[in-house]
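**Q** After the structure tokens below, expect a handful of questions from me.
The values are calculated or read from the model by the stated rules, or taken from the named source; none is laboratory data. Just so it is clear, the structure is predicted and the values come from calculations on it, not from any experiment. When we count neighbours, we look across all protein chains shown, and the Cβ atoms used for this are built from the backbone with ideal geometry, even at glycine. Protein only, heavy atoms only, side chains kept; ligands, DNA and RNA dropped before computing areas. Shrake-Rupley method; radii C 1.70, N 1.55, O 1.52, S 1.80 Å.
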Amino acid sequence: MQHLQHTPAHALTFDCDKCDRTSDTDSALQQHLRDSPAHAVTFDCDKCDRTFDADRALQQHLRDSPAHA
């Protein structure tokens, strides 16, 4: 039992499903998911290649863009 508890090869890890990052604790994984720019939620315009960080900004873009009218 001591071998299982103290050998790094048997350590419990928390793996990110979206990238190859591994954390030692669930709280570290949750912080990674929350703070990593690579995992930020984005709102993409279907009519052009613009991306927004808020749905409100995307909706304004769709309303105000003459190309999308």
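**Q** Considering only C48, P37, C19, whose Cα is most displaced toward the positive end of the charge dipole of region 6-65, charges sitting on Cβ of Lys, Arg (+1) and Asp, Glu (-1)?
**A** Final value for the positive-end residue is C48.
**Q** Can you give the angle from 0 to 90° between the axis of helix 26-35 and the longest principal axis of the chain, with both taken from C-alpha atoms, to the nearest 10?
**A** 20 degrees
**Q** Further question: Treating the beta-carbon of each Lys and Arg as +1 and of each Asp and Glu as -1, no other charges, what is the dipole magnitude of the chain about its Cα centre, to the nearest 20 debye?
**A** Approximately 160 debye in magnitude.
**Q** Given an 8 Å cut-off on Cα distances and at least 6 residues of separation, report the relative contact order of the chain as a percent.
**A** 15 percent
**Q** Have a look at the chain and give its Rg and Dmax from the Cα atoms, expressed in angstrom.
**A** Reported Rg and Dmax, both Å: 20.2, 68.
**Q** Turning to a different aspect of this structure: In square angstrom, what is the accessible area per residue of the chain with a 1.4 angstrom probe?
**A** With all protein chains present, the chain gives 84 Å² per residue.
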